[in-house]
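Below is one structure; the comments refer to it alone.
The values are calculated or read from the model by the stated rules, or taken from the named source; none is laboratory data. Keep in mind that this is a model prediction, so the values were computed, not measured. Here the Cβ is made from the backbone with ideal geometry for all residues, glycine too, and neighbour counts use every protein chain on show. Protein only, heavy atoms only, side chains kept; ligands, DNA and RNA dropped before computing areas. Shrake-Rupley method; radii C 1.70, N 1.55, O 1.52, S 1.80 Å.
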Amino acid sequence: MRLIASRFARLVAVLVAVTFASFCMVALLPGDIVSSVLGPDATEEAREQAREDLNLDAPLPVRYVQWAADALRGDLGVSYRTNQPVSEALGERVWVTIELVLLSQLIALAIAIPMAIFGALRPGSWLDRFLSGAQLAMLATPGYLVAIGLMAVFAVQLGWFDTTGYTRFLDDPLANLKSLLLPSIALALEQVAVYSRVLRTDLVNTFDQDFIWFARAKGNTTRDIVVRHALRPSSIGLVTLTGVSVGRMIGGTVLVETIFALPGLGRFTIDAINNRDFMALQGAVVVLTVGFVLVNFAVDILHGVIDPRIRTEAAR
Amino acid sequence: MGNRANRPWRRIAAITLLVGAVAACGGNSPSDTAPTQPDVSSGETTPVTEPPVFTNAPTTTNPEVEPTAGGSLTVGLNSESTGYNPTADAWADSGHNVAHAIFDPLATFDAGGKVVPYLAESITPNADATVWTITVRSGVTFHDGTPLNAEAVRLNFEANKNSPQFGSQLALLGSMAVIDDLTLELTMTQPWGTFPNVLAGTIGSQIGYMAAPAMLASADGGRNPIGTGPFTFVEWVPDDHLTVARNDNYWQDPAYLDEVVFRPIPDSTARKAAKDAGDIDLYYTGSSSEIQEYQALQADGEVNVTIGAPGEGDMVMLNTKSAPLDDVRVRRALAMSVDIPRLFEFLDATGVKQPTHGPYADTSFWYVETDYPDYDLEGAKALIAEYVAEKGPVEFEFAGGQDPFIVSLQELYQSMWSEIGATVNIVSRAQGENISAVIAGDFQVVLWGGIGGGDPDNDYVDFHSNTGQNFSGFNTPEMDAALDAGRALTDPEARKEQYAIVQQVLGENVPYIWTGTNQYGLITATDVMGVADFDLPDGTPGQPISGQVFFLKDVWRLP
């Protein structure tokens, strides 16, 4: 309970810090929303009026407090550009990004864990070296290239998937999965390398410990040793990384959503930044921050599940 | 293209277009080569120029097969719009394609490029073009069942007049009076011979599209558009798709297609891939390398390419209030050192782009030869040397977007200008920031767009001294007088005389460096028919594609 309370306090602090920072950053960028909405041909009076309507002349802290007060009441305001309530716009988009991140995490783990195990079983073998070379290649290939390459091969040449576009889960679950698979893989590949290298190193260390030698001496099969004994104590680093990398992945969704034309939060955020649409941006930042903090909160709890010592320490 | 509208988009577009491969944002004007006759109601066609260059792919229409109703068409767009209220949302250029499905413009272009009434029965001026009378067709209803009448048209004009984005386009509109159910009278504050031009629903002008009064009144109208068009709005998931279905109660023959799905795909490579994979049936591109690639495939019968008329040009704008650009010798030298073939080679425009020597393409009715300098490296060096000896070194900032391609393009200019002894400092800014800087006059040289191409009156605010939007800062009393006269006159030849003066002054003083025209290709699947067909209400052929904006009512698919 105390843990949850302290986490909640931390969430609030993080939210205030992040939203204020993003508010300031957009305000510091040259160019303003009025130019973006009205264009170069609007009259100076129209510009003044728009600035007044949008309250852009008020000092930054005042505007932030006004926004925060509304946000606390659950009102994220209305987009400057589209006049659409921000919460409504976010509601349409957030699921695309959640699905995308979730699916790519699953794919990254599904590839990374076996790679790490096979590498760790015979460190320095040709297989280990080959796998680590493959991981380096994944890490080094720019995301844009991966996305376009996947599209060219699997959508254009083979025709297995749609090149672009999104189908809602409720409309057609299978088509939904199909529309997200290529973008998820594009987003996952970079993580595969990081995940499997961390897990491999941890596994190699674990394999060297006494209890593993003991298990071997008892005549357990390699499979049993890996699955029952080694994987759990070796996965703390990986689990932490999975949580932290959600942030990185959210960054990646900007690119992937743009290329695959998915109506997600990443594309929404970058549009908001480019157009200095504070309201839309702030809403997106809140959702992304809350999501990120919650994921990492879940990771902390998972730590306790994986390693009982952490639980007892936290309780003390 | 109107007096003004959507200019930010045109400019951004024109600037984006420079990203040859990024393809296909950008302004193009339907009336590039043909001026508008003032009497748009008479139906007499006295073409004052040859029709626009319009090389239709012949294969888009197969005379042996009768058009059949049914089927769905998926259209790939290069960008998403913020909403579809014509009076409130400044559309991306692709927004006009959606708008052409849902709304009808009051006027459009006939096959010769002349503005003719479309949703309006007639648009008639009085003798000095100070009073215009619009009569709408009877029996037309909006998709929500309400009738299209003079009051509905008045409400649309009123909303535009009050709109901060589009109000300046109707600056000359003084008052309106509903004469009877179908007749609206508009009184202008001064003669406005080219008024119907802004009603044709083209890039840069949204005023002509008629939206239902209920939609205009609703805060949510832009997300639930209601028009009189051949297709009714079904659903919109922003950034994913917008679906429309055939309007069976259309005031003309109903469209053939059951539905059209518009899909914004911002990445040009992905858009092309989507076409290649058959996920979209139609898209347009401004990339001449892409057009050429598809033209090769067209020869094998794999795809159809339809090319529209050339549009407004790419250009570089010089701030004539800022030294050293306040000196005409420097400006002329910069223009003289731009090697257009080298530029085109870089822009991938082999054969599709045409060099320009002023605001209007050489093939345009409006074009006159001026003293605009030709390429002359030695002459340019001499001018710069003269300036340096007198006033000191030539150094300036050259602003543009942040796209790497744009930066490379700027570097190409930089190298050409360095050759004549100018020091060029490249500045990269985000689009919004770039526009703000130009408005504030905080620039020296900038990659710009959205000037020239269409009817010269469209450039009034860019060239005249009294508008506050003459960003180059250049004007002369002579040019102001010619712009005012050209606006008031109705006879094309008489107007051309005035605009010849404008072009001559611009050519001598070079506040802008003109490079080349923009061009668009419509890429369609081979079973998409009728892209190059568009009949006017009286059965005569209209102009199906204006720039990259196309009509879909006569498009059909092979069963």
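Computed about the Cα centre, the dipole magnitude for chain B is approximately 880 debye when only Lys and Arg (+1) and Asp and Glu (-1) carry charge, each at its Cβ.
Round to a whole number: what % of the accessible area of region A:1-99 belongs to carbon and sulfur, probe 1.4 Å? Mind showing how you got there, number by number?
On the way: 3580 of 5420 Å².
C and S atoms contribute 66 percent here.
Applying the criteria of a DSSP loop state and at most 13 other Cβ atoms within 10 Å to the trypsin sites (Lys or Arg not before Pro) of region A:117-226 yields A:LYS218.
Looking at chain B, the accessible area is 31 square angstrom per residue; that uses a 1.4 Å probe and ignores ligands, DNA and RNA.
Shown in residue order for region A:193-208 are the 3J(HN,Hα) couplings computed by the Karplus curve 6.51 cos²θ - 1.76 cosθ + 1.60 at θ = phi - 60°: 4, 5, 4, 6, 6, 5, 5, 4, 4, 5, 5, 4, 5, 5, 4, 8 Hz (x for Gly and Pro).
Could you please tell me the mean projected area of the C-alpha convex hull for the protein assembly as shown, averaged over all directions and given in square nanometres to one decimal? Intermediate results must be reported in sequence, preceding the final value.
Values: hull surface 166.7 nm².
So the mean shadow area of the Cα hull is 41.7 nm².
Could you give the length gained by full extension between A:LEU29 and A:TYR144, i.e. 0.36 nm per residue of separation minus their alpha carbon distance, to one decimal place? Numbers along the way, then the final one.
On the way: separation 115, 0.36 × 115 = 41.40 nm, distance 2.63 nm.
Extra length from A:LEU29 to A:TYR144 when fully extended: 38.8 nm.
Rolling a 1.4 Å probe over the heavy atoms of the protein chains gives region A:86-315 an accessible area of 47 Å² per residue.
The A:ALA298 and A:VAL65 beta-carbon pair, evaluated with R₀ = 51 Å, returns a calculated FRET efficiency of approximately 0.95.
In the structure displayed, which of A:LYS178/B:LYS275; B:LYS272/B:LYS553; B:LYS114/B:LYS496; B:LYS114/B:LYS353; B:LYS321/B:LYS353; B:LYS321/B:LYS391 lie more than 22 Å apart, Cα to Cα? Provide the component values of the computation, followed by the final result.
On the way: A:LYS178/B:LYS275 18 Å; B:LYS272/B:LYS553 24 Å; B:LYS114/B:LYS496 16 Å; B:LYS114/B:LYS353 24 Å; B:LYS321/B:LYS353 31 Å; B:LYS321/B:LYS391 16 Å.
Violating the 22 Å limit, Cα to Cα: B:LYS272/B:LYS553; B:LYS114/B:LYS353; B:LYS321/B:LYS353.
Of the residues B:VAL316, A:VAL78, the one with the largest accessible area comes first in the ranking A:VAL78, B:VAL316, computed with a 1.4 Å probe on protein heavy atoms. Across the options A:HIS303, A:PHE23, A:ASN275, the greatest Cα extent toward the positive end of the charge dipole of chain A (unit charges at beta carbon of Lys, Arg, Asp, Glu) belongs to A:HIS303. Charge dipole (Cα centre; +1 on Lys/Arg Cβ, -1 on Asp/Glu Cβ; no other charges) of the protein assembly as shown amounts to roughly 4920 debye. Here each label is just a point 7 Å from Cα along the line to Cβ, and for A:ARG248 and B:ALA127 those points are 7.9 nm apart. Helix content alone sets the calculated 222 nm mean residue ellipticity of chain B: runs of n ≥ 4 DSSP H residues at -39500 (n - 2.57) each, divided across all residues, give -8000 deg cm²/dmol. For B:ALA399, the residues whose modelled amide H falls within less than 5 Å of its own, excluding neighbours fewer than 5 places apart on the same chain, are B:VAL427, B:GLN444, B:VAL445, B:VAL446, B:LEU447. At a threshold of 30 Å², the residues of region B:251-296 that become less accessible to a 1.4 Å probe in the full protein assembly than in their chain on its own are B:ARG263, B:PRO266, B:ASP267, B:THR269, B:ALA270, B:ALA273, B:ALA277, B:ASP279. Ordering A:PHE292, B:PRO324, B:VAL338 by the projection of their Cα atoms onto the charge dipole of the protein assembly as shown, which places +1 on the Cβ of Lys and Arg and -1 on the Cβ of Asp and Glu, puts A:PHE292 at the extreme positive end.
Contact order for chain B, expressed relative to its length and based on alpha carbon pairs under 8 Å spaced 6+ residues apart, stands at 24 percent.
Pop the C-beta distance of A:TRP160 and A:THR43 into the FRET formula with R0 = 51 Å and round what comes out to the nearest 0.05. Each step should come with its number before you reach the end.
Working: r = 54 Å, r/R0 = 1.06.
Between A:TRP160 and A:THR43 the formula returns 0.40.
Indicate the gyration tensor shape class of region A:250-302 (rounded, prolate or oblate), computed on the Cα atoms with a ≥ b ≥ c the square roots of the eigenvalues: a/c under 1.5 is rounded; otherwise a/b larger than b/c is prolate and the rest oblate. Taking the square roots of the gyration eigenvalues as a ≥ b ≥ c, region A:250-302 is oblate.
For the pair B:GLU478 and A:LYS178, label points projected 7 Å from Cα toward Cβ lie 6.7 nm apart.
Round to the nearest 0.05 the FRET efficiency obtained for A:ASP171 and A:ALA137 when R0 = 25 Å and r is the Cβ-Cβ distance. All intermediate terms of the calculation are to be shown ahead of the outcome.
Values: r = 37 Å, r/R0 = 1.47.
The computed FRET efficiency comes out at 0.10.
Each principal axis of the Cα atoms in chain A has its own extent, and those three values, largest first, are 84, 59, 36 angstrom.
In bins 10 Å wide, starting from 0, what share of all Cα pairs of region A:232-275 does each bin hold, as a percent? Computed distribution, short to long bins: 27, 37, 21, 13, 2.
Projecting the Cα positions of B:HIS241, B:PRO191, A:PHE8 onto the charge dipole of the protein assembly as shown (unit charges on Cβ atoms of Lys, Arg, Asp and Glu, taken about the Cα centre) puts A:PHE8 furthest along the positive direction.
Carbon-plus-sulfur fraction of the accessible area of chain B, 1.4 Å probe, in percent? Could you put the intermediate results ahead of the total?
Working: 8720 of 17260 Å².
The value for chain B is 51 percent carbon and sulfur by accessible area.
Computed from phi, the 3J(HN,Hα) profile of region A:169-184 under the Karplus parametrisation 6.51, -1.76, 1.60 (θ = phi - 60°) reads 4, 5, 6, 6, x, 5, 5, 4, 5, 5, 6, 9, 5, 4, x, 5 Hz, with x in place of Gly and Pro. Of the residues in region A:151-165, those shielded by at least 30 Å² of accessible area once partner protein chains are present, compared with the chain alone at a 1.4 Å probe, are A:VAL156, A:THR163, A:THR164. With only Cα atoms counted, region A:1-126 has Rg and Dmax values of 22.6, 73 Å.
Roughly how large is the A-B contact in terms of buried accessible area, totalled over both chains, probe 1.4 Å, nearest 100 Å²? Roughly 3100 Å² of accessible surface disappears when A and B pair. In plain terms, the chain from B:THR189 to B:SER218 could stretch by 7.4 nm, reckoned as 0.36 nm per residue minus the Cα-Cα distance. Region B:453-559 has equivalent-ellipsoid semi-axes of 39, 17, 11 Å, by the square roots of 5 times the alpha carbon gyration tensor eigenvalues, sorted largest first. Stretching B:LYS381 away from B:GLU66 to a fully extended chain increases their span by 107.1 nm, per 0.36 nm per residue minus the current alpha-carbon distance.
For chain A, which span is the longest to avoid every loop-located (per DSSP) member of chymotrypsin sites (Phe, Trp or Tyr not before Pro) having at most 16 other Cβ atoms inside 10 Å?
Values: sites that count: A:TRP160, A:PHE169.
No qualifying site falls inside A:1-159, the longest such stretch.
Here region B:103-207 is treated with +1 on each Lys and Arg Cβ and -1 on each Asp and Glu Cβ, and its dipole about the Cα centre works out to around 280 debye. Using a cutoff of 8 angstrom between alpha carbon atoms and counting only pairs six or more residues apart, the relative contact order for region A:86-315 works out to 27 percent.
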